[in-house]
1. Going down the table (Lys237/Lys263; Lys237/Lys280; Lys96/Lys237; Lys98/Lys263), which pairs top 22 Å between alpha carbons?
2. Grab the other residues whose beta carbon is less than 11 angstrom from that of His66, score K and R as +1, D and E as -1, and report the net.
3. Measuring from label point to label point, each 7 Å out along Cα→Cβ, what is the Ala169 to Ala53 span in nm?
4. How long is the gain from Ser264 to Arg206 if the chain were fully straight, where each residue apart is worth 0.36 nm and the alpha carbon distance is subtracted?
5. Work out from phi, with θ = phi - 60° and the Karplus expression 6.51 cos²θ - 1.76 cosθ + 1.60, the ³J(HN,Hα) of each residue of the range 158-163, listed in order in whole Hz, and give x for Gly and Pro.
6. Go through 88-97, 320-329 and give me the packing order, highest mean Cβ count within 10 Å leading.
7. Search the structure for amide H atoms under 5 Å from the amide H of Asp129, placed 1.01 Å from N in the peptide plane, and list their residues when 5 or more places away or on another chain.
8. Apply the a/c threshold of 1.5 to the C-alpha gyration tensor of the range 139-181 and tell me whether it is rounded, prolate or oblate.
Amino acid sequence: MKLSVPHLAFSARRPGRAAVTAVVAAAALLTTGSMAGAAPAPLGAAAPPVEVAAAPDLPVANVKAHLTQFQSIATANGGNRAHGRAGYLASVNYVKGKLDAAGFTTTVQSFTSGGRTGYNLIADWPGGDPNQVVMAGSHLDSVTSGAGINDNGTGSAAVLEAALAVSRANYQPTKHLRFGWWGAEELGLVGSRYYVNSLSTANRARISGYLNFDMIGSPNPGYFVYDDDPTIERTFKDYFMGIGVPTEIETEGDGRSDHAPFKSAGIPVGGLFTGASRAKTAAQVTKWGGTSGQAFDRCYHSSCDTTSNINDTALDRNGDALAYAVWELSE
Ligand code: TRP
Ligand code: ZN
């Protein structure tokens, strides 16, 4: 879904500027325009002119097409995409192929866990300030018991589609954009921890923020935002507020995904989540719909986590919020 709020309302170029202030400023500009009986004042009327590149609507059909590919990969490889199994490397190669064709500089970083080789995939978008790196990432591995389509084909597919959208738009933000797909999350955040540990102190300090996406299409969804870096959190909340969808703070296990190693290294983090095995309450059904007393994802870590285990609306909204945050935080 396309954000209907005028983009002007979010034209704060620097993270940290209060969104409310920006909205008021936008309203004032529009008022001035109509009082003058002319076209609305140009963006630069009350402030130095800044070109605003609006985040694109991330086509949910494209995100779902990636999920279909992950499902096919699992089906062809013993039913999973788990660390150390053929379905994992096939998933890496699928994502890497799309990124290479779109002009990203990709790196496959290998590591060993449990006697098996694991892989992280890193994709850098050429350009931007190397001292201000904005990262978005997701784990690409599943558990051995299933294909891992909600956990975490959804995050992996949406991050991939956001990267492809950057390429389609030839987006040239002020900051440097980097995307990551982590291996062996299901063994205890192994890949993401390996990546963070592999960075020099200087390169760690260059990362302005890390956005994590793990389970963003749960079939009985909630809309949870990580309560962490205030600017990142605000950016996601602004998006959901703009489309009229209430959010809650993520509480189903803080530190249970790949943002944790980044946070431990002092990097600002944030992210989105639509819920795992916890049950949706009656109050949550009132605000979001769905089924009370039922898990957000009844197929969490099981064999029924297939392409049938997805709420398309949740996937669409979270993908769009992801793209919005990548654009807003890097411009
Ligand atoms: N992959 C995570 C796990 O298996 C899923 C998860 C549970 C999660 N709780 C979370 C992801 C909270 C993000 C935030 O544990
Ligand atoms: Zn997960």
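The values are calculated or read from the model by the stated rules, or taken from the named source; none is laboratory data. These figures come from a predicted structure and were not determined experimentally. Virtual Cβ from ideal backbone geometry, glycine too; neighbours counted across all protein chains shown. With ligands, DNA and RNA removed, areas are computed over all heavy atoms of the protein, side chains included. Shrake-Rupley method; radii C 1.70, N 1.55, O 1.52, S 1.80 Å.
1. Among Lys237/Lys263; Lys237/Lys280; Lys96/Lys237; Lys98/Lys263, the Cα-Cα distance tops 22 Å for Lys96/Lys237; Lys98/Lys263.
2. My count for the surroundings of His66 gives +1.
3. Here the modelled spin labels are 0.7 nm apart.
4. 19.4 nm
5. After applying 6.51 cos²θ - 1.76 cosθ + 1.60, I find 6, 5, 4, 5, 5, 4 Hz.
6. Descending packing order for the listed peptides: 320-329, 88-97.
7. Residues meeting the amide H criterion: Lys175, His176.
8. prolate
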